[in-house]
Each structure stands twice: as structure tokens, then as C-alpha cells.
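None of the figures in this text is laboratory data; all of them are computed from the coordinates on show. Because the structure is a prediction, the values reported are computed rather than measured.
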Amino acid sequence: MHLPPAVLLLGYSGLIPFVIGPLWLTLSPGSAPQWLDIAWLNYVAMIASFMAGTFWGFALPAAQGPAGLLGVAMSAVLMLIAWVATLLPFGPSLALLGLVFLLLLAADFWRERVLDTLDGYFRLRTTLTLGVLAAVVWRFTLSV
């Protein structure tokens, strides 16, 4: 089964908010509203939690076995780390959320080899994660 076009469209569309914050701060920092960083960081955390939830969804059908239980546990831990990141100051929060996305990619690499998979999903996740990490690094460099 290949990924439906709507999945690709929604996946890549989800990168737009990741780019808007750093782009705005790069092109016109003086016009950026005070709430921009908070809204942007909340979006990053929400997507990190959402992606951990999708990992849960892949692991749940195999939860009777040890690999499925490990997948469910990894998902829960990654969701909790994303939540903890929202409680930190901006810089550490951003760094921790970047780590969550890296760990999600590593978890997807594990899932690809251990649990059931969909054709093209890992490639999509890798591409989107690289886009997310580029935006996170871009925003982080603007605050240094």
C-alpha cells in the first residue's frame, strides 16, 4: 500500500508553520509580534507529541508482544519529553524538542525494521523530520 496523496499534502503542508516563524524573524524581526515565539514553540511541541502519537498507533497492534510494548513505551516517553520541553525557557525548550524529533526519527528507523510498515512512510518521515530540524536550527541560530 502506498501513501495516499492527501497524506503527502498534509505532511508537507505541516512544514509551513515551522518555516513561518524563523522566516518572519529573518526578514522582518521588528514587525514580529511578541506572541510569535510562543505560538511557534507550541506548534513545534504539538507536532512532536502528535508524531509520538502516530508512533503509538503503529506499535499498538503489536502491543501483545515485547516489540509492541517497547514501541508503546517509547511513544509515551517521547510525548512526555515534548510536554516537559514546554515548561522550559525558550532555548532549552527548543533544544529538547529538536532532540525529540531526532529520537522520533530513530524510533521510526527501529519501527521500520521491527513492526509493520507502510511503503513510503519512513521516507516521508525522514524528509519531514529533516525539514523540521532545519527550521528548529534556523530559529535557534536567530536567538543566539
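For helix 36-59, report the angle its Cα long axis makes with the longest principal axis of the Cα atoms of the chain; keep it between 0 and 90° and round to the nearest 10°.
0
Please give the helix 90-114 orientation as an angle from the longest Cα principal axis of the chain, in degrees from 0 to 90, rounded to the nearest 10.
Relative to the chain, helix 90-114 is tipped by roughly 20 degrees.
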